[in-house]
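> Just dropping this structure here.
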Amino acid sequence: MKRLTIFLALFVLAVQINAQIAGKLTQIINTEEATYGQASYMTAVAVGMALETDSYETCFDILKDENLIAGNHSLKDSITAKNFADMLSKTWNINNSIFYRITKHPRYAFKQMKAAGVIPSNYYPNRILTGTEMLNIITLSLEKFNIDGRN
């Protein structure tokens, strides 16, 4: 009886955690203007720097502490295509162009990802991404680049 009670309690807990993770991803996908918090969550979880159960704030703080988010942005600021490309370039093992290595300007990370076909050709650098666009960029990045973890 005791085993059955423990099993049921763990099952209910697992279902709750899974529902929270699915809810978080659904919220990101449905957003019209993706935020730095959402981008941080997707990036940090994808590379293994954070757990799926971590909050946006925790993931943002992890990336901010590692100097992977350029500028003085807050958790709730909308993220642009060039800044998201920069975040991915700094977080993942992406072989960047010579101009990016020299200047560290987000525009060159954006240009490289656009040339690689990760970012659609009709996007401009200051475009504010939707949640779906952000997910598509991450998915294509995983396919195009040899992303095997943190630099």
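The values are calculated or read from the model by the stated rules, or taken from the named source; none is laboratory data. Since the structure is predicted, the reported quantities are computational estimates derived from the model, not experimental observations. Backbone-built Cβ (ideal geometry, glycine too); neighbour counts: all protein chains shown. Side chains are part of the model used for accessible areas, which takes the heavy atoms of the whole protein and leaves out ligands, DNA and RNA. Shrake-Rupley method; radii C 1.70, N 1.55, O 1.52, S 1.80 Å.
> Residues of segment 92-133 being at pLDDT 85 or above, closer than 18 Å to G71 by Cβ and part of a helix (DSSP H, G or I), which ones?
The answer is P106, R107, Y108, A109, F110.
> Does I69 satisfy being among the β-branched types (V, I, T) and not in a loop (DSSP other than H, G, I, E, B)?
Spelling it out, it is not the case that I69 is among the β-branched types (V, I, T) and not in a loop (DSSP other than H, G, I, E, B).
> Also, I was wondering about something else. For N67, state whether it is out of contact with any Pro (no Cβ under 6 Å at 6 or more places or on another chain), polar (S, T, N, Q), open to solvent by 60 Å² or more (accessible area, probe 1.4 Å) and under 16 Å from T43 (Cβ atoms).
yes
> Report, ordered by the first and then the second residue, all pairs with beta carbons closer than 6 Å, sequence separation of six or more or different chains, a first member in segment 25-51 that is in contact (Cβ under 8 Å) with a residue 60 or more places away in the chain and among the β-branched types (V, I, T), and a second member that is assigned to a helix (DSSP H, G or I) and surrounded by 19 or more Cβ atoms within 10 Å (Cβ to Cβ).
Close Cβ pairs (under 6 Å, with a partner that is assigned to a helix (DSSP H, G or I) and surrounded by 19 or more Cβ atoms within 10 Å (Cβ to Cβ)) amount to I28/Q38; I28/G131; I29/G131; T31/G131; T43/M87; T43/T91; V47/T91.
> Applying the selection to segment 35-64, what residues are part of a loop (DSSP other than H, G, I, E, B) and either surrounded by 20 or more Cβ atoms within 10 Å (Cβ to Cβ) or in contact with a Gly (Cβ under 7 Å, 6 or more places away or on another chain) (or both)?
Hits for segment 35-64 are G48, A50.
> Given the condition surrounded by 21 or more Cβ atoms within 10 Å (Cβ to Cβ), within 18 Å of M134 (Cβ to Cβ), among the small types (G, A, S) and modelled with pLDDT of 80 or more, answer yes or no: does some residue in segment 70-84 qualify?
Yes, the conditions are met somewhere in segment 70-84.
> So which of A81, A70 is touching a Leu at 6+ places or on another chain (Cβ under 9 Å) and farther than 10 Å from Y36 by Cβ?
Of A81, A70, the one residue that is touching a Leu at 6+ places or on another chain (Cβ under 9 Å) and farther than 10 Å from Y36 by Cβ is A81.
> Also, I was wondering about something else. Which of (1) closer than 26 Å to G23 by Cβ; (2) in contact (Cβ under 8 Å) with a residue 12 or more places away in the chain; (3) within 14 Å of the chain's Cα centre (by Cα) is the odd one out, the single condition D86 does not satisfy?
(1)
> What are the pairs, 6+ residues apart or on separate chains, where a residue within segment 116-128 that is over 7 Å from A81 (Cα atoms) has its Cβ under 8 Å from a residue that is in a loop (DSSP other than H, G, I, E, B) and open to solvent by less than 50 Å² (accessible area, probe 1.4 Å)?
Going by the 8 Å Cβ cut-off, the qualifying pairs are A116/F145; V118/F145.
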